Amino acid sequence: SDPVLPETIETAFSISHTFATYFYTEYFYTGFSVHNLGASPLKITSDLNFNNQLTPEYNLVTGVYLPITQDKSLGMEPSILTKSTSWSPTQIDFNVRFIYLNSIWTGLSYRTSEQALAFLLGMETGNMFFGYCYDTAVQGINNYTGGTHEIVIGVDLATFGNYENVRLRSRFKKRRMLIDPFTRKINGNKRRGSGI
């Protein structure tokens, strides 16, 4: 009975584009992406003659890594994620993670538009990654839902295992080289970004 949606089965074909860029250093990273660039209207009719069209979505993420202990076995990673479209208010996620020995981490996230909290847990072992998130609304729909659970399992396929750039290989193999992560002496010379 939704007048915006057609009452029959219809199909449409549309081409859209996505652009993304990512920049990082040892202590800072930022990324930007936009989805559905140049998407044409979908030829799907509705009772109200709505112009069904994919809407461009703009995402921006920025974060820093801050060592807490002197040996860098414990670090904190605050970050901000903004998501925006022309049809909705900008959504801002404030996040913080605490990472121990580059293998276990926990964190908290707050989403402004829905006023929701998320509790995060994660672990890395070898080439495997395990993550868990519990998301719950603070206001709005909090009386109608008990929250959501998300489980993530990832596998590192060692794409950069044979890459000649030592810094790039180390960065993707181990996301945070916490112990002496920036300088290593090789044949008496200091080599930046080689890890331990």
Original post:
Expressed in nm to one decimal, what extension gain is obtained for the pair S16 and L60 from 0.36 nm per residue of sequence separation less their Cα-Cα distance?
Top reply: 13.9 nm
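Among the chymotrypsin sites (Phe, Trp or Tyr not before Pro) within region 65-111, which fall in a DSSP loop and have no more than 11 other Cβ atoms within 10 Å of their own Cβ?
W87
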Subject >> Phi-based couplings in Hz for region 60-71 (Karplus 6.51, -1.76, 1.60; Gly and Pro marked x) >> reply: 9, 10, 9, x, 9, 10, 10, x, 9, 9, 5, 7
Subject >> Relative packing of 20-28, 71-79, which averages over residues the other C-beta atoms within 10 Å, highest first >> reply: 71-79, 20-28
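All of the numbers you see were taken from the coordinates with simple rules; none came from a lab. Please read all numbers here as calculations on a predicted model, not as lab measurements. All Cβ positions, glycine included, derive from the backbone under ideal geometry; neighbour counts span all protein chains shown.
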